Amino acid sequence: MSVPQTALSPKPTTTRSAPSLSLYLAGVGSVGTALLYQLSELQGDAQRPRLIGACTSTHAAWTPPHPTPGAVKHHLEHGSTLHWPAVLERLIEHAPRPLVFVDATGHPDVADHYTTLLDAGIHVVTPSKLANTRSQQHFDRLHATAAQHNVQYRYETTVGAGLPVVRTVRDLRATGDRIHTIRGAVSGTLTFVFSRMREGDSFSEAVRTAIQKGYAEPDIRDDLSGEDVARKFLILARTAGASIDREDVEVESLVPESLRNLPHLAFRRYVHKANDAWRERAETAASQDAVLQYVGRWTPGSGIRVGVEAVPADSDFGQLEGQDNLFTITTNRYATSPLTIRGPGAGPEVTAAGVLADVLHVAETA
């Protein structure tokens, strides 16, 4: 979809400052709300994006006179029923440029609109992994459309939340380095589970603690399946230039076959049935001065594998705790000492900060 010339801001005839970036926010959940507060803290900053509207899964509204986080939420509560064709028409035909669309929903229906927005000359920033983990053809089309219309498609927080992982991989490739391996423990939930097991918890106790602390998805099998780790490595491999689809990824699930089809509350009751198997694996690793960790690995030409590894107990992977993520990247330039990135890999505040960094990058270059 092309944008009529009348929808674009006219080019200035005299030298003056560039127009500020306009921002539309889809999704005002934990990450979207944190982003609103972080935007409000940029008050007076010349680079501060100007919020022009927002939507939830049910309502849409355009900017109130004073778009504080509370005012935006109140405005949305009294806004119109969400109707995506109307929102898209207003963004494409009437919203000021430059314009960035931030998708903080994690909803496939919103990801469906990225190509339309990019085709209309609108930048897209998202922490959602959905669009990037569809087919390789879809991934390529998103990037080609952005390049064709000279807009940016940024997704730094899809891997590692606020950690500069995607950016680092992109920069290594852009500067001509050759990546040999990307290895990482990239699930805060699984890192927590295995760190608790190292401290003496059984597998079921570690799983229940992760649920109680709110570290897991509503159905923790979404974490234990390894699919989240697989999606993150799919994004990293594609960003590094690989052509790879989900069926090419080898994934080890931690969910016992006998418990996969139970209701999730029943799964919690019976997860202790896996304790003996995990104790045996942990004891075998300990006999080799190793511990268990859930690790992903991509090597060009060998594909992606995500699953449990016995790692040296005194290594960075063996000592990883809490919800931290750890990435090591081996390249031509970082051959003897891999490039390492470590830090919190989840949480609304750090994720929102990563999204805001992507937005500000757009503002600097738009």
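The values are calculated or read from the model by the stated rules, or taken from the named source; none is laboratory data. Not measured: the values here are computed from a predicted model. Please note: Cβ atoms are built from the backbone with ideal geometry, for glycine as well, and neighbour counts cover all protein chains shown. Just so you know, the surface numbers come from the protein's heavy atoms only, side chains and all, with ligands and any DNA or RNA stripped out. Shrake-Rupley method; radii C 1.70, N 1.55, O 1.52, S 1.80 Å.
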Candidates LEU88, LEU118, filtered to the one that is under 30 Å from VAL249 (Cβ atoms) and not in a loop (DSSP other than H, G, I, E, B): LEU118
Helices (runs of 4 or more DSSP H) wholly in the stretch 158-277 with at least 3 residues that are under 26 Å from VAL291 (Cβ atoms) - which ones? 188-198, 203-212, 221-224, 227-239, 264-270
Does the stretch 254-268 include one or more residues that are over 21 Å from the mean Cα position of the chain (by Cα), open to solvent by less than 20 Å² (accessible area, probe 1.4 Å), over 19 Å from GLU217 (Cα atoms) and not charged (D, E, K, R)? no
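Looking at the stretch 69-77, is at least one residue of a type in the set (A, V, I, L, M) and either in contact with a Lys or Arg (Cβ under 6 Å, 6 or more places away or on another chain) or modelled with pLDDT of 95 or more (or both)? Don't jump to the end; show me each part of the working.
Taking the stretch 69-77 first, the residues of a type in the set (A, V, I, L, M) are 71-72, 76.
Narrowing the set further to residues that are either in contact with a Lys or Arg (Cβ under 6 Å, 6 or more places away or on another chain) or modelled with pLDDT of 95 or more (or both) leaves none.
Scanning the stretch 69-77 turns up no residue that is of a type in the set (A, V, I, L, M) and either in contact with a Lys or Arg (Cβ under 6 Å, 6 or more places away or on another chain) or modelled with pLDDT of 95 or more (or both).
Which of the residues that make up the stretch 162-180 are more than 14 Å from ILE341 (Cβ to Cβ) and touching a residue at least 60 places away in the same chain (Cβ under 8 Å)? Break it down stepwise before answering.
Let us first name the residues in the stretch 162-180 that are more than 14 Å from ILE341 (Cβ to Cβ), namely 173-178, 180.
Of everything in the stretch 162-180, those that are more than 14 Å from ILE341 (Cβ to Cβ) and touching a residue at least 60 places away in the same chain (Cβ under 8 Å) turn out to be ARG173, ASP177, ARG178, HIS180.
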Matching residues, the stretch 131-159, being within 16 Å of the chain's Cα centre (by Cα) and of a type in the set (Gly, Ala, Ser): ALA131
What residue, among those in the stretch 1-39 that are assigned to a helix (DSSP H, G or I) and at pLDDT below 90, is nearest to ALA61 (Cα to Cα)? ALA7
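Residues in the stretch 335-366 that are in a strand (DSSP E or B), hydroxyl-bearing (Ser, Thr, Tyr) and open to solvent by less than 50 Å² (accessible area, probe 1.4 Å): how many? Walk me through how you get there before you give the answer.
To start, the set of residues in the stretch 335-366 that are in a strand (DSSP E or B) comprises 339-344.
Then keep just the ones that are hydroxyl-bearing (Ser, Thr, Tyr); that gives 340.
Going one step further and asking which of them are open to solvent by less than 50 Å² (accessible area, probe 1.4 Å), we end up with none.
Residues flagged as in a strand (DSSP E or B), hydroxyl-bearing (Ser, Thr, Tyr) and open to solvent by less than 50 Å² (accessible area, probe 1.4 Å) within the stretch 335-366 amount to 0.
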Filtered residue count, the stretch 199-225, keeping only those that are in contact with a helix residue (DSSP H, G or I) (Cβ under 8 Å, 6 or more places away or on another chain) and either in contact (Cβ under 8 Å) with a residue 24 or more places away in the chain or β-branched (Val, Ile, Thr) (or both): 16
Lone unmet requirement of (1) surrounded by 19 or more Cβ atoms within 10 Å (Cβ to Cβ); (2) more than 25 Å from ARG221 (Cα to Cα); (3) of a type in the set (A, V, I, L, M, F, W, C) for MET197: (2)
Top-ranked residue in the stretch 164-176 [being of a type outside the set (Val, Ile, Thr) and open to solvent by 20 Å² or more (accessible area, probe 1.4 Å); ranked as farthest from ASP228 (Cα to Cα)]: GLY176
Being under 17 Å from the mean Cα position of the chain (by Cα) and more than 20 Å from LEU82 (Cα to Cα) is the filter here, so list the residues in the stretch 107-122 that pass it. none
Might you check whether a residue that is in a strand (DSSP E or B), open to solvent by 20 Å² or more (accessible area, probe 1.4 Å), modelled with pLDDT of 95 or more and among the basic types (Lys, Arg) occurs anywhere in the stretch 314-334? no
